[in-house]
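Engineer: Take a look at the following structure, please.
The values are calculated or read from the model by the stated rules, or taken from the named source; none is laboratory data. Note that the coordinates shown come from a computational prediction; the quantities given were computed from them, not determined experimentally. A quick note on method: Cβ atoms are made from the backbone with ideal geometry, for glycine too, and the neighbour counts reach across all protein chains shown. The area values use the complete protein model at the heavy-atom level, side chains included, leaving out ligands, DNA and RNA. Shrake-Rupley method; radii C 1.70, N 1.55, O 1.52, S 1.80 Å.
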Amino acid sequence: MSDEVLYVEAEGVGTITLNRPQARNALTAKSYALLEAAVRDSTARCLIVTGADPAFCSGDDVKQIMAADGPRVAAQLRAEPRLTPAAQALLATDIPIVAAVNGPAIGWGMELALMADIRVASTRARFGELFVKRGLCCDVAGIGRLAQLVGREHAADLLFTGRIVDAAEARELRLVSRVVEHEQLLDVSHALAREIAANPPLAVRQLKAGLRLALDPDWDDLGRWVSARLGELFQTEDHREGVAAFLEKRAPRFVGR
């Protein structure tokens, strides 16, 4: 793998590490593709997804994806609405996924955490669906998984405000299954992943398939809807203002256009 995304496999556990710490592991087009490939190519019995400190993932690289490539991304979304390929890989894999959330999980970083089957958070973890602050809607997991975990009202609160919650509140909301000291995060996550990996793999995969059948929406259909809405929102004045305000480190002024 490229140094933007690292993959190590041992004892039946594959560990995927987003590795752009200088950018708080913000996702570029390249790192999205590498994340997708790491999931699709893995032969592990359990996967851990984490980030290089100090962050889990701060979402899309705003300068690259939203500012420089915004018009191209909008045109592509309108021309071919579809589920984000990295999301498709994460949501369709039969391999159980543990998210070891070591720091801020913001925007698509929170989406990534939601796509895991189990979330273990460091005391330094933070969670925020910041899409609304950029004049956008969230990806599929914020719609199809968040309400399952925290309930519709809390999901609406997080989505509509874009506010950030700390690890303690995330545990209270049942957004994560456990919170551990930062220094213990990877040890605890690997112990959990090894426990899963030690079980009969065919049975574990069928259990995951059963949870998907019982609880998940049609991800491809939802992905097309999200993609089409994003194609529209990328063209709005409010989206351009949200990006400009972020880059200029000022409060945005939204006008509803």
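Engineer: With axes computed from alpha carbons, what is the tilt in degrees of helix 152-161 against the longest principal axis of the chain, rounded to the nearest 10 within 0 to 90?
Structural biologist: 50
Engineer: What does the C-alpha gyration tensor say about the overall shape of region 60-158? Classify as rounded when a/c is under 1.5, otherwise prolate if a/b is larger than b/c, or oblate.
Structural biologist: It comes out prolate by the Cα gyration axes.
Engineer: Got a number for carbon plus sulfur as a percent of the chain's accessible area, 1.4 Å probe?
Structural biologist: Values: 6540 of 12050 Å².
Carbon-and-sulfur percentage of accessible area, whole number: 54.
Engineer: Now for a different question. Keeping every protein chain present and rolling a 1.4 Å probe, give me the accessible area per residue for the chain in Å².
Structural biologist: Ligands and nucleic acids excluded, the figure is 47 Å² per residue.
Engineer: Pairs of Cα atoms under 8 Å, at least six residues apart: use those to get the relative contact order of region 178-257, whole percent.
Structural biologist: It rounds to 16 percent for region 178-257.
Engineer: Let's see if you can work this out: charge +1 on each Lys and Arg Cβ, -1 on each Asp and Glu Cβ, no other charges. What is the dipole magnitude of the chain about its Cα centre, in debye to the nearest 20?
Structural biologist: Using Cβ point charges on Lys, Arg, Asp and Glu, the chain gives about 460 debye.
Engineer: Next question. At a threshold of 8 angstrom on Cα-Cα distance, excluding pairs fewer than six apart, so keeping six or more, what relative contact order does region 119-257 reach in percent? The partial results should precede the final answer.
Structural biologist: Values: 146 pairs, mean separation 45.6, N = 139.
It comes to 33 percent, rounded to a whole number.
Engineer: Find the relative contact order for the chain and round it to a whole percent, using C-alpha pairs within less than 8 Å whose residues are 6+ positions apart.
Structural biologist: In percent, rounded to a whole number, it is 21.
Engineer: At Ala79 and Ala228, where each label point lies 7 Å from the Cα along Cα→Cβ, what is the point-to-point distance in nanometres?
Structural biologist: 1.9
Engineer: Then there's this: From the residues Gln76, Val226, Val255, which one has its Cα farthest along the dipole of the chain in the positive direction, the dipole being from +1 and -1 charges on Cβ of Lys/Arg and Asp/Glu about the Cα centre?
Structural biologist: Value: Val255.
Engineer: Grab the chain and count how many Lys pairs have their alpha-carbon atoms under 19 Å apart, sequence gap of 8 or more, or different chains. Walk me through the numbers on the way to the answer.
Structural biologist: Numbers: Lys30/Lys63; Lys63/Lys133; Lys63/Lys249; Lys133/Lys249.
Lysine pairs meeting both conditions in the chain amount to 4.
Engineer: Quick one: check the C-alpha center-to-center distance for region 169-187 versus region 106-132, whole angstrom.
Structural biologist: Centre-to-centre (Cα) distance: 11 Å.
Engineer: Angle, helix 237-248 long axis vs. longest principal axis of the chain, Cα atoms, 0 to 90°, nearest 10?
Structural biologist: The answer is roughly 70 degrees.
Engineer: Apply 1/(1 + (r/R0)^6) to the Cβ-Cβ distance of Arg212 and Thr43, taking R0 = 30 Å, and write down the FRET efficiency to the nearest 0.05.
Structural biologist: Efficiency computed from Cβ-Cβ geometry: 0.90.
Engineer: Per the Kirkwood definition applied to all pairs of different Cα atoms, how many angstroms is the hydrodynamic radius of region 166-257?
Structural biologist: After inverting the mean inverse Cα-Cα distance, the result is 18.0 Å.
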